[in-house]
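Right, one structure below, let's go through it.
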Amino acid sequence: VWRKNRSLPIVTVSISTLTTRSGEKRYFRVDIDTVTIGSDRFFLQTAQDITERKQAEEEINLLNRSLERRILERTSQLNTANNILVQEIEAREQAQTAVETSNRRISDILESIQDGFFALDRSESFTYVNQRAAQSFGYQPEQLLGRNLWEVFPRILKTPLRDQFRRAMEERSPIQFE
């Protein structure tokens with residue numbers, strides 16, 4: 001490349017490839033410059049073997065492409081897992097809403113009956129007490145929830161009532177007695 005102002009040096013840089021007799025591909029950086037000595041102008045050409053650098057660049061590019069592909073695959077997997085989790089959360093929320101609705105209906109029914117009603121868990125602690133039962137016991141329902149029946153009413157421990165409660169719990173069936 002010649003410039004109009006011939007006093008400026010010409011600099012050309014190029015990357016050239018060469019295939020050796022053994023078939024190996026080598027890369028060279030070729031620099032061409034002009035040097036003026038006195039009134040004579042000379043071309044100076046240098047060639048530097050940059051094969052290792054080019055191979056490293058190609059390996060880095062290959063690794064980058066591989067990494068990008070792996071990132072895309074993993075992102076896809078994570079998106080799929082996330083979508084599944086979102087669906088599971090929605091299903092659980094719907095189930096929770098259904099349980100809460102059902103519990104409200106049951107509670108409304110149990111509160112509307114004229115009889116006292118309470119439920120105990122396996123450790124004989126109150127899990128539900130309707131207003132009528134709580135009033136007949138002389139408590140508010142929330143004062144009984146979670147408390148053990150026999151700790152609240154220790155006087156009935158030595159009555160046939162305890163045996164009937166135990167029988168109902170063991171048989172897991174309703175028991176009627178007077």
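The values are calculated or read from the model by the stated rules, or taken from the named source; none is laboratory data. Please read all numbers here as calculations on a predicted model, not as lab measurements. Methodologically, a virtual Cβ is constructed for each residue, glycine included, from the backbone with ideal geometry; neighbour enumeration extends over all protein chains shown. With ligands, DNA and RNA removed, areas are computed over all heavy atoms of the protein, side chains included. Shrake-Rupley method; radii C 1.70, N 1.55, O 1.52, S 1.80 Å.
Take the conditions (1) without any contact (Cβ under 8 Å) to a residue 40 or more places away in the chain; (2) exposed (fewer than 10 other Cβ atoms within 10 Å of the Cβ); VAL86 misses just one of them, which is (2). There is at least one residue in segment 95-103 that is at pLDDT below 95, open to solvent by 80 Å² or more (accessible area, probe 1.4 Å) and either closer than 30 Å to VAL129 by Cβ or within 52 Å of the chain's Cα centre (by Cα) (or both). Checked against (1) at pLDDT 95 or above; (2) in contact with a strand residue (DSSP E or B) (Cβ under 7 Å, 6 or more places away or on another chain); (3) not β-branched (Val, Ile, Thr), ALA91 passes all but a single condition, namely (2). The residue pairs whose first member lies in segment 49-60 and is closer than 12 Å to ARG29 by Cβ, whose second member is open to solvent by less than 90 Å² (accessible area, probe 1.4 Å) and of a type in the set (Asp, Glu), and whose beta carbons are closer than 9 Å, counting only pairs six or more residues apart or on different chains, are THR51/GLU24.
The set of residues in segment 26-81 being of a type in the set (Val, Ile, Thr) and loosely packed, with under 10 Cβ neighbours inside 10 Å consists of ILE37 alone. When you look at ARG21, is it modelled with pLDDT under 95, out of contact with any Ser or Thr (no Cβ under 9 Å at 6 or more places or on another chain) and loosely packed, with under 10 Cβ neighbours inside 10 Å, yes or no? So ARG21 fits the description; yes.
Taking the criterion of being acidic (Asp, Glu) and within 17 Å of GLY146 (Cα to Cα), the residues of segment 102-124 that qualify are ASP121, GLU124.
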